[in-house]
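Everything on this sheet refers to the single structure shown next.
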Amino acid sequence: MRTDRIAMPSGGVGGVRAAEAGSAEPARARNRTAERAGARTLRDGASAPTRGPIVVLRNISKRFGGNYALKGVDLELEKGEVHCLCGANGCGKSTLAKIISGTYRPDRGAVIVIGGREHPYLTPRESRDCGVQVIYQDLALFPNLSVYENIAFECNLGSLRPYRESRLRALAREALDAMKFDLDPDEPVENLTIARRQQVAICRALAADAKLVIMDEPTASLPRVEVNNLLAAVRYLKLRGITVVFVNHRLDEVLEVSDRVTVMVDGVKIGTFPASGMDKERLTGLIAGRRIDAGKRTKAAAAGETALEVRGLTRAGQFHDVSFALREGEVLGICGLLGSGRTELALSLFGMTRPDSGEMRIRGRAVRFRNQRDAIKAGVGYLSEDRLALGLIQPQSVKDNMVLTVMDRLKTFAGLISPAKRDRTVAEWVERLDIKAANVDDAVSVLSGGNQQKVALAKWILTDPKILILDSPTAGVDVGAKDGVHRLIRRLAERKIAVAVISDEVSEVYRNCDRILHFRRGTIAGEYSPDRVSERELAGMIENG
Amino acid sequence: MRKTAFLTIIPALGLPALALAGLATFGALMPESFPSKRTFESMAFQMPELGLLTLAMFLPFVSAGFNLSIIATANVSSLFMAWLWTSRIPADAGAATQAVWLFLGFVGACAVAAAIGAGIGAMAAYVGVHPTLTTLGVMTLLKGIGISLTRGAPITGMPPAVQFLGNGTFLGVPMPLAVFAAAALATALVLGKTSFGKYIYMIGSNINAAYYSGVATHQVLIGIYVFSSLMCALAGLVMTARFNSARMGYGESYLLLTVLAIIMGGADPNGGFGKVWGVVLALFVLQIISTGLTLYGVSQHISLAMWGLVLILVLAVKYCNRRWYAPWALRRQAEAVKAPA
């Protein structure tokens, strides 16, 4: 294994190059088969010549706290295939990728077959030694090092051999040539565009003798032209017999190069399908079909007066000309993809950032917030989409998290906090929201996602908000617990609170909102009523950007 | 449930146990000299200096910050007091005039300290520089200014009232200990019973999440360093009183010992957790070790080494607790809950 790894990179890549050099440019088809043959014989010298699975995953479950991220997932990845792992945010696709790469350890009972051996879990080292390479969304390159140093970085690992620049350069050169990337090996990576950095990351995987390359959301930050270049690169990898796994939020972009598609919803695998029969529509149907079983539309309460009115709100580079009204007792969905500016809008409504122009009125009165405290005073609450980093103070107790927003109201004489008052408040809301916590003194991090979210909601309910902005309220919440959060949202509306739900999950917005604003490229692209469109139509419009 | 509840309390008993063990050991080694009023008095006179400085370090520490300038701030404020008292109080002043001047001197020193603290806090809050870096600068700045103004010489000859504060006893309680006890109590009240104190813990764990919850993090940060600096002024007062003089450079060896006491007292090095009583207990343990060893005739340097050793031991025990004991206790509790059902 060990000698294999050291000998392979130059051998593998070099072999490919030789095969390429041998065939003429016009004979494209022949060239490809020659490449593949060349790569095969060199790479798979010891292993079986037939196309078998490179990795087999059986019964993979993973829990975080009380939360299932994955539930009994089986997956086989064939040698040399391009496999797309597809699903909405939080469906467990990234967790699955991290289990293959050894970052996470699956729960007991899992079996991972790789390199002809069964493992209950993989360590990052084992995974790497079996040829698994992950290209993360942030690419994990060294910005201050040059292209060639990044590509040949693995040469520096695991041995005490002296550092030889020429060896690194040769290896990088080979990888760059093999992928036909036009990159200057001496350029520092920090000077490159994202797309170019991605090329460096791909070359690094190749130079490390990858047999399986996992790409986490590779198209998320790329313009369309660059996506095409990426797909071309993936075809090259495939020709070399390397398995490529796309972990992708969206299907259409990578469908053309994919062989098979695995669809995941809420930590469960729906199935693996050949890419040929798959399209956008069918995928939406698969996800939605599964989802609709999980719950029905919640009932609307009678909406009252206008609570929030926004006119022409603009903040350069984030959102522009946003106008809408939100009434008391109404649940408004603001649906848009990640990066559409929806969270940026919410931050301005919450006083965290200042809009450049436009106006905001709360119950008819124009407001201008200097900071988040002005917004809270005016009756605005904001549930952050990032519960781990911003929504709750994870290491601190359930109790303290819940009353954090209203600490000043718990004071008695001399300005000291009354523990009795605090405990009463906490006990009341733990009961009313049915928060399952063994002990309110425990760190909030030990609660399940759904219960954590309820604590975060309680924190805002306690401030007596008029307007509550909920950013991805069920992100990272178990399927079963999602319903609980949704019912709670309805109950808030019944208490005459104007609720805005920001989400990229169409089904969630569709089932729980009275009106839906489609947010796209920093502005409102359309308004829909769930009574008049079907979920599938809506999903089609929103997910196509 | 009731029967196993004590299991989770056991780890909290570590420091009191350590203090008792220390007392018992030295008591057994020196049955005549150690368990005496004199021993405890000398401890009561020595501990408050380090104690007050530790309290000054404590708030920044809990907020996941740091204050390297505590000693320098204490010295600058004590220099200010000493200068005012030695140069401005007329030799023939009556008790009332003296009292006014003493009060003015202390208030002035507090104002100086508060200004320093506000500056540090503002740098942390508005400029976003980590307090460790700011206070490194402030420490060096204050030290330079202080030494150049005094040419490194001490200001000596404090009024008798001040000397009493350093060396006298009131109702049998040494004055420095009384000052320290009051300061510790005040700190415990601020941290445990005020919203400001709660915000400090929250900021220590996650300042961004605290900000998103509407906490005025900027103001709280400034408050933390103002409070810390006021504790420095108090420490400066006690030091001036004890030594009957003020000088830039007093107590410099205390700087990192304060951190030792805080960590030993159970505060989380990452911020967000820590109790005043833990720190007070840790200080007590440290003082027992140093006084006991001194009485036993061991060099001071050895007792310093012992402090380091004890810290390492405490940390090792803490690790074992987290790794093995706490999970075991939790399992036992869970079983005890299940069993009757």
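The table below lists the values:
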{"quantity": "Checking A:G450 against (1) within 14 Å of another protein chain (Cβ to nearest Cβ); (2) out of contact with any Pro (no Cβ under 6 Å at 6 or more places or on another chain), the condition it does not meet", "calculated": "(1)"}
{"quantity": "Residue match in region A:395-406 (condition: under 23 Å from A:A69 (Cα atoms) and in a helix (DSSP H, G or I))", "calculated": "yes"}
{"quantity": "Among residues of region A:399-434, those that are more than 24 Å from B:Y211 (Cα to Cα) and surrounded by 15 or more Cβ atoms within 10 Å (Cβ to Cβ), counted", "calculated": "1"}
{"quantity": "Those helices (runs of 4 or more DSSP H) lying entirely in region B:108-222 with at least 2 residues closer than 30 Å to A:K421 by Cα", "calculated": "B:175-193, B:195-205, B:207-212"}
{"quantity": "All positions within region A:409-431 that are among the polar types (S, T, N, Q) and within 12 Å of chain B (Cβ to nearest Cβ)", "calculated": "A:T412, A:S418"}
{"quantity": "Residue match in region B:233-249 (condition: under 21 Å from B:A188 (Cβ atoms), buried (at least 20 other Cβ atoms within 10 Å of the Cβ) and within 14 Å of chain A (Cβ to nearest Cβ))", "calculated": "no"}
{"quantity": "Unmet criterion (only one of (1) part of a helix (DSSP H, G or I); (2) free of Cβ contacts under 8 Å to residues at least 60 places away in the same chain) for B:V298", "calculated": "(1)"}
{"quantity": "Cross-chain or 6+ apart pairs with Cβ under 7 Å, region B:146-159 first and over 13 Å from B:A82 (Cα atoms) and at pLDDT 90 or above, then of a type outside the set (D, E) and not in a strand (DSSP E or B)", "calculated": "B:I147/B:M248"}
{"quantity": "Some residue of region A:366-374 being surrounded by fewer than 23 Cβ atoms within 10 Å (Cβ to Cβ), acidic (D, E), over 25 Å from the mean Cα position of the chain (by Cα) and within 14 Å of another protein chain (Cβ to nearest Cβ)", "calculated": "yes"}
{"quantity": "Number of positions in region B:196-218 that are more than 7 Å from every other protein chain (Cβ to nearest Cβ), touching a residue at least 60 places away in the same chain (Cβ under 8 Å) and of a type outside the set (S, T, N, Q)", "calculated": "5"}
{"quantity": "Identity of the residue in region B:250-261, touching a residue at least 40 places away in the same chain (Cβ under 8 Å) and part of a helix (DSSP H, G or I), that ends up nearest to the other protein chains (Cβ to nearest Cβ)", "calculated": "B:V259"}
{"quantity": "Residue list for region A:349-363, filter: within 14 Å of chain B (Cβ to nearest Cβ) and hydroxyl-bearing (S, T, Y)", "calculated": "A:T353"}
{"quantity": "Lone unmet requirement of (1) closer than 27 Å to A:E256 by Cβ; (2) in contact with a Gly (Cβ under 6 Å, 6 or more places away or on another chain); (3) among the polar types (S, T, N, Q) for A:S127", "calculated": "(1)"}
{"quantity": "Enumeration of residues in region A:203-253 that are at pLDDT 80 or above, part of a helix (DSSP H, G or I) and among the charged types (D, E, K, R)", "calculated": "A:R204, A:R235, A:K238"}
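The values are calculated or read from the model by the stated rules, or taken from the named source; none is laboratory data. Source: prediction; values computed, not measured. Using ideal geometry, Cβ is built from the backbone for each residue, glycine included, and neighbour counts are taken over all protein chains shown.
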